[in-house]
Amino acid sequence: MAAPALSETAMSTCILCILLVPLAGAGLSLIHSGLGRSHSAAHSMVAALYAISIAALVYFVCGFAWQGYPGRPAHSFLVAGKAWSWIAAEPFFFRGLEWNGSPSSLVACLQVFSVALAAVIPLGSGAGRWRLGPLCLSTALLAGWTYPLFAHWVWGGGWLAQLGVNYGLGRGFVDIGGSGTIQAVGGLTALAVAWVLGPRRGKYGHDGVPMAIPGHSAVLVLFACSLAWLGWLGLNSAGAILFAKIEPGRIVLVAVNTTLAAAAAVLMAAWITRSRFGKPDASICANGWVGGLVASSASCAVVTPLAAAATGAIAGALITFAVDWFENRLAADDPGGAISVHAVGGIWGLLSLGLFGRFPASAANLLPGVAPETDATWAGQPLAQVVGVATLIGFVFPLTYGLNWLLNRFYPQRAAPEGEHHGMDLHELGASAYPDFVTNIDDITQR
Amino acid sequence: MKLAGFFLLLAGWAIVLAALALLPPALPRVVFVAAGAALEVLGFALVARSHAAHPQEGW
């Protein structure tokens, strides 16, 4: 059954919002570059361009074919009498789409930008040692398989979205702006990459204690937070129109919720780092800001502003401690904070929807016969979110880890030690990002 | 330890799916979904410990 067309206002608004999404990718790229070493800064930005390009092209070839759109062809199997749609059956190369502002064409456009955003996330954890060639292949696997598969389950009419209709779990697994589908998938891939690559040279001493390797430009990082903010306003708004079916006027709530979540997160991160270390930490504040944006995405259109601020504050706290935990306890060297911000923040965003989400009476995806306004549907929503999070951790993470591990067996992903020492800019690009800099600390100290 | 961890991750997810498909709504389903999630946490902890034990080595 074809989805009803959007109104002219909704379509125009959605297109404008979608066109803001690349700013989120630009922001993340700058954050990763700024939090890395100066001798790999250009490599980091080039890697982001490569990741965006590969992701967009591969998604065009086969990604949308496997993600699909609700009501369009898909493969299902029966489980105890219920249909579980597991992958779409769209034509490859976007054939079959009508480029007339139809909901499916808008989703395809949004997804090209979203998968590119997801592809940029792992660059944060692989900074300083991830070779460009294997990086491109890893991105192709993410954009061509891992992302579309999970996105079909959530946004393409798949079994996670149908948990409400099939099993009475609220409205099914809901993820309006992509806290899970984009951010957690990218963040879990970042964790897989960090572990497959191993830590940077000199990161951990012989006793396992991590050494601080500060980023080279706090200005880049903090400016990028503003770019990310604009991009997320577009991402959440477009997701709310296309996936939550909100009226364009309700975008005002989406924008307010997105901003309040980021604001509460950064202030929480600043307060915690000031309490622990005597001064607020700029890089963790930046991570907190983006983490608030990440957490806001899932529930941006279905929570009150107070709940959005609470979600952001909790995200800021979680991310601040997660950065410490992943580095110190789990030996996951993550220069850009991608794992903490996107995996932890994204998962919290999904769970917070189960706690704070209040759906309008017009919301769909309910068990047949259940009235939308009954609270009974709310009782199932937290469980639906838990099922989605369990799928991310129990299936998506092993899948993405396995693919990257397999890739590493045949095409080593890590740069040679001399490349890491001299910097990825010279090693892979033949030119430094900052040729006017006369000294680099590695020239005068041993790591 | 790493392989065992991944096995537990997948097993926990399978328990969650089985709970949805086979158990009646309310308490039994919630309990088994929680059990599956707990198994996943255990599996993740094993995978994480195996990496934390050898921080200098990639794979």
So which residues in the range A:59-81 are surrounded by fewer than 18 Cβ atoms within 10 Å (Cβ to Cβ) and either in contact with a Leu (Cβ under 9 Å, 6 or more places away or on another chain) or among the β-branched types (Val, Ile, Thr) (or both)? A:61, A:79, A:80
Exactly one of A:296, A:340 is within 18 Å of the chain's Cα centre (by Cα), among the polar types (S, T, N, Q), under 27 Å from residue B:46 (Cα atoms) and in a helix (DSSP H, G or I), and that residue is A:340
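Table: residues versus (1) in a helix (DSSP H, G or I); (2) of a type outside the set (Lys, Arg); (3) more than 8 Å from chain B (Cβ to nearest Cβ); (4) on the phi > 0 side of the Ramachandran plot.
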site: A:382; (1), (2), (3), (4): yes, yes, yes, no
site: A:385; (1), (2), (3), (4): yes, yes, yes, no
site: A:393; (1), (2), (3), (4): yes, yes, no, no
site: A:401; (1), (2), (3), (4): yes, yes, no, no
site: A:404; (1), (2), (3), (4): yes, yes, yes, no
site: A:407; (1), (2), (3), (4): yes, yes, yes, no
site: A:412; (1), (2), (3), (4): no, yes, yes, no
site: A:420; (1), (2), (3), (4): yes, yes, yes, no
site: A:427; (1), (2), (3), (4): yes, yes, yes, no
Which numbered condition residue A:371 fails, given (1) modelled with pLDDT under 90; (2) touching a Leu at 6+ places or on another chain (Cβ under 7 Å): (2)
Filter result for residue A:171 (out of contact with any helix residue (DSSP H, G or I) (no Cβ under 6 Å at 6 or more places or on another chain) and either more than 14 Å from chain B (Cβ to nearest Cβ) or in contact (Cβ under 8 Å) with a residue 24 or more places away in the chain (or both)): no
Lone unmet requirement of (1) surrounded by fewer than 23 Cβ atoms within 10 Å (Cβ to Cβ); (2) within 17 Å of the chain's Cα centre (by Cα) for residue A:283: (2)
For the structure I just gave you, tell me whether residue A:357 is within 16 Å of the chain's Cα centre (by Cα) and among the small types (Gly, Ala, Ser). no
Of all residues in the range A:5-29, which are among the aliphatic types (A, V, I, L, M) and surrounded by fewer than 23 Cβ atoms within 10 Å (Cβ to Cβ)? A:5, A:6, A:10, A:11, A:15, A:16, A:19, A:20, A:23, A:26
Scan the range A:92-124 residue by residue and report those that are open to solvent by less than 50 Å² (accessible area, probe 1.4 Å) and assigned to a loop (DSSP other than H, G, I, E, B). A:94, A:97, A:101, A:102, A:121, A:122
The range A:299-315, residues that are open to solvent by 10 Å² or more (accessible area, probe 1.4 Å) and not in a loop (DSSP other than H, G, I, E, B): A:305, A:306, A:307, A:309, A:310, A:313, A:314
Which numbered condition trips up residue A:165, out of (1) in contact with a helix residue (DSSP H, G or I) (Cβ under 8 Å, 6 or more places away or on another chain); (2) under 23 Å from residue A:387 (Cα atoms)? (1)
Just give me the residues in the range A:40-58 being buried (at least 24 other Cβ atoms within 10 Å of the Cβ) and in contact with a Leu (Cβ under 8 Å, 6 or more places away or on another chain), in sequence order. A:43, A:44, A:47, A:51, A:55
Considering every residue within the range A:382-395, establish whether at least one is under 28 Å from residue A:38 (Cα atoms) and modelled with pLDDT of 95 or more. no
Leading residue by the ranking (surrounded by the fewest Cβ atoms within 10 Å (Cβ to Cβ)) among those in the range A:172-193 that are farther than 14 Å from residue A:398 by Cα and small (Gly, Ala, Ser): A:172
Give me the residue from the range A:316-337 that is in a helix (DSSP H, G or I) and more than 24 Å from residue A:27 (Cα to Cα) and, out of that set, most open to solvent (accessible area, probe 1.4 Å). A:325
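Residue-by-condition table, conditions (1) open to solvent by 60 Å² or more (accessible area, probe 1.4 Å); (2) more than 7 Å from chain A (Cβ to nearest Cβ); (3) at pLDDT 90 or above:
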| position | (1), (2), (3) |
| --- | --- |
| B:20 | no, no, yes |
| B:25 | yes, no, no |
| B:33 | no, no, yes |
| B:54 | yes, yes, no |
| B:58 | no, no, no |
Considering only the range A:185-292, give the helices (runs of 4 or more DSSP H) lying wholly within it that have at least 2 residues that are out of contact with any helix residue (DSSP H, G or I) (no Cβ under 9 Å at 6 or more places or on another chain) and at pLDDT 95 or above. A:251-277
Residue identified as of a type in the set (D, E, K, R) and modelled with pLDDT of 90 or more among A:334, A:442, A:436: A:334
Taking the range A:257-308 and keeping only residues that are of a type in the set (Phe, Trp, Tyr) and more than 18 Å from residue A:34 (Cβ to Cβ), one is left with A:271, A:277
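The values are calculated or read from the model by the stated rules, or taken from the named source; none is laboratory data. It should be emphasised that the depicted structure is a prediction, and the values quoted were computed from it without experimental measurement. Note: ideal-geometry Cβ built from the backbone for every residue, glycine included; neighbour counts use all protein chains shown. Side chains are part of the model used for accessible areas, which takes the heavy atoms of the whole protein and leaves out ligands, DNA and RNA. Shrake-Rupley method; radii C 1.70, N 1.55, O 1.52, S 1.80 Å.
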